[in-house]
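First the structure, in the form of structure tokens, and then the observations on it.
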Amino acid sequence: DAGVTQSPTHLIKTRGQQVTLRCSPISGHKSVSWYQQVLGQGPQFIFQYYEKEERGRGNFPDRFSARQFPNYSSELNVNALLLGDSALYLCASSLTGDQPQHFGDGTRLSIL
Amino acid sequence: DQQVKQNSPSLSVQEGRISILNCDYTNSMFDYFLWYKKYPAEGPTFLISISSIKDKNEDGRFTVFLNKSAKHLSLHIVPSQPGDSAVYFCAFNGGATNKLIFGTGTLLAVQP
């Protein structure tokens, strides 16, 4: 069975640009969450979606947005990129938003 | 404010011996506790969990202990194997949104 898949695996952008990251959850999972992991820290919660509705949002600026599609896949968008946005972005899925959440391998975003 | 602390950034153990990883938290509202393992270039992998109504949960070589009065969570791995070498994160269920709040991680190295 396929796990959580994320694309792309690596991305290089420059300051001020916009980026879209994609996530496909485990088949049957209806909830997707996004996390940001910077070097030396644990993942930080950004968003959770369930049945296409935003269920929770972490302490991130409005430059970060996300959505979930009818097939339960999700996109994370970040506008006006800053150097500090350089991080590993992780997507996790679960059946209904409960635990445990299962993670993809992430997208490594580098901002120059 | 850091709600979750893993005070040991690294731990080195001999193969066959016990590995003990520790985690302290401040928020008594947490009701579900998890451990994740992370290899380089991969996403976190769920390992084991425990709810707040229990004080111990076992799964093979892995045992998680919860001391609610001390707000302390620990993971015991016995016997430790070289393949256990990874970064271990404790994580807590953060309220109605089911977001995960992670510690900063402990790098475990199991020496052959």
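The values are calculated or read from the model by the stated rules, or taken from the named source; none is laboratory data. Here the structure is a predicted model, which means the values were calculated and not measured. Using ideal geometry, Cβ is built from the backbone for each residue, glycine included, and neighbour counts are taken over all protein chains shown. Ligands, DNA and RNA are excluded from the accessible area calculation, which covers all protein heavy atoms including side chains. Shrake-Rupley method; radii C 1.70, N 1.55, O 1.52, S 1.80 Å.
Restricting attention to region A:30-41, which residues are facing chain B (nearest Cβ under 8 Å) and either of a type in the set (A, V, I, L, M, F, W, C) or more than 13 Å from A:ALA92 (Cβ to Cβ) (or both)?
A:GLY40, A:GLN41
Considering only residues that are more than 13 Å from the chain's Cα centre (by Cα), open to solvent by 40 Å² or more (accessible area, probe 1.4 Å) and touching a residue at least 40 places away in the same chain (Cβ under 8 Å), which ones fall in region B:71-84?
B:LYS71, B:VAL78, B:PRO79, B:GLN81, B:PRO82
Pick from region B:19-43 the residues that are within 9 Å of chain A (Cβ to nearest Cβ) and open to solvent by 10 Å² or more (accessible area, probe 1.4 Å): which of them is farthest from B:ALA109 (Cα to Cα)?
My answer is B:TYR32.
Would you pick out the residues in region A:6-52 that are in a loop (DSSP other than H, G, I, E, B) and open to solvent by less than 30 Å² (accessible area, probe 1.4 Å)?
Result: A:PRO25, A:HIS29, A:GLY42, A:PRO43.
From the list B:LYS71, B:LYS37, B:LYS99, pick out the single residue that is basic (Lys, Arg) and either out of contact with any Phe, Trp or Tyr (no Cβ under 8 Å at 6 or more places or on another chain) or under 24 Å from B:GLN14 (Cα atoms) (or both).
It is B:LYS37.
Do we have A:ARG55 as closer than 13 Å to A:CYS23 by Cα and open to solvent by 60 Å² or more (accessible area, probe 1.4 Å) here?
No: the conditions fail for A:ARG55.
So which residues in region A:65-106 are touching a residue at least 24 places away in the same chain (Cβ under 8 Å), assigned to a strand (DSSP E or B) and open to solvent by 60 Å² or more (accessible area, probe 1.4 Å)?
The answer is A:HIS102, and nothing else.
Within region B:44-70, take every residue that is more than 14 Å from chain A (Cβ to nearest Cβ) and β-branched (Val, Ile, Thr) and give me the one that is surrounded by the fewest Cβ atoms within 10 Å (Cβ to Cβ).
Here the residue is B:ILE53.
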